[in-house]
Amino acid sequence: MKKLLTGTALAFIASAGASFADGHGTSACLITKTDTNPFFVKMREGAKAAADAAGISLKSYAGKVDGDHETQVAAIETCIADGASGILLTASDTSSIVGAVKQARDAGLLVIALDTPLDPIDAADATFATDNFLAGELIGKWAAASLGDAAADAKIAMLDLAVSQPTVGVLRDQGFLQGFGIELGDPNKWGDEDDARIIGNDVTAGNEEGGRKAMENLLAVDPEVNVVYTINEPAAAGAYEALKAIGREGDVLIVSVDGGCPGVQNVADGVIGATSQQYPLLMASKGIEAIAAFAADGTLPDNTPGKDFFDTGVALVTDQPAEGVESISVEEGTKLCWG
């Protein structure tokens, strides 16, 4: 996996200048949810490196916080007015952004969703992302296998992203529950399951403070929570601090998604039991590659066979392997981490 993921990204960056030399004068936009989350910082770095190598002018925009839909709409409008060839977008509100995306596509821009599929997914020309349902399913299977027979009596806190339920949050949440062995309600939304093991759902905005507050809220519902699903590693770090404040940091299983270097270190330190690692550098570099090809001759990107998006890979990182769940070690995860 290391050779596949890092090799693909590095090979692209090294060859992009030669492959897309005729991209001179082409411009692209990267619009992320925030500019502070390490995931999006790395995505911006990857996009810039690939754009520089390909001779593409790149402008980057970001919401003030995760969920800042209006700033993202304004950024799309700016990119249209600037005559950009394409937009790489991680949408905060995956359904409300569709109108602005349609305007961009109608104006002739290639729009690629990164990490977070739009709702519907075909509202963008293409999506380059982790299989977010699989990412959740891996940590759900690992948590259930780690608990063994005790999984039948688990008390689970679900720390989600936002009340608008963007696709990335729904996919990870539902994947986790299915992996844990819990019957889903409507798989297109979270919070409608009736399994008594679920204590409740709360939202975190994908940051540490939000994770801490959400964990405190769910502990107030049931102080005996012993499994915590988190949308990402900053939220997991906040949940851990809330548990530590009541002396329960050592007896609660926390799982997450991201695979950033701080998160992988938290797995090594026992803060997080396991995390599903994704690869933002590859998402961004492949996105720039697609915009360069589109600008050159109108070529549209292909999906991974059998999927409605281009799958950039995922791996479960833990130093506590569970039977029947494929994983990589913290040492391996550290070699592939970002941030």
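Here, each number is a calculation from the coordinates, and none is a lab measurement. From a predicted model like this one, the values you see are computed outputs, not experimental measurements. No Cβ is skipped: glycine too gets one built from the backbone with ideal geometry, and neighbour counts run over all protein chains shown.
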Mind ranking 129-140, 26-37 by how tightly packed they are, going by the mean number of other C-beta atoms within 10 angstrom, highest first? 129-140, 26-37
Scaled to the compact-protein estimate 2.2 N^0.38 Å, what is the alpha-carbon radius of gyration of segment 68-112, rounded to two decimal places? 1.00
Go through 108-114, 277-283, 79-85 and give me the packing order, highest mean Cβ count within 10 Å leading. 277-283, 108-114, 79-85
Write down the percent of antiparallel bridges among all DSSP beta bridges whose residues are both part of the chain, to the nearest 5. 10
Hydrodynamic radius by Kirkwood for segment 75-228, inverse mean 1/r across distinct Cα pairs, in Å, is 16.8
Kirkwood Rh over alpha-carbon pairs of segment 229-339 plugged into Stokes-Einstein at 10 °C, 1.306 mPa s gives a D in µm²/s of 102
Rounded to the nearest 500, the 222 nm mean residue ellipticity computed for the chain from DSSP H runs (n ≥ 4, each -39500 (n - 2.57)) alone is -14000 deg cm²/dmol
Once you have the Cα-Cα distance between Asp319 and Ala81, take 0.36 nm times their residue separation minus that, and quote the gain in nm to one decimal. 80.7 nm
Can you pull the one-decimal nm distance between simple spin-label points at Ile246 and Thr71, each 7 Å off the Cα toward Cβ? 3.3
Inter-part gap, Cα centre of segment 40-63 to Cα centre of segment 133-173, in whole angstrom, is 32
Roughly how tilted is helix 69-81, in degrees to the nearest 10 and between 0 and 90, from the longest Cα axis of the chain? 10
Long-range HN-HN contacts of Leu58 with modeled amide H, under 5 Å: Ala28
With a point put 7 Å past each Cα toward its Cβ, work out how far Glu224 is from Asp52 in nm, to one decimal. 5.6
Cβ-derived FRET efficiency at R0 30 Å, Lys64 paired with Asp269, nearest 0.05: 0.45
Scattering profile of the chain from the Debye formula, Cα beads only, expressed as log10 I(q)/I(0) at q = 0.06, 0.10 Å⁻¹, is -0.20, -0.55
Length gained if Glu331 through Asp302 is fully extended, taking 0.36 nm per residue and subtracting the Cα-Cα distance, is 7.2 nm
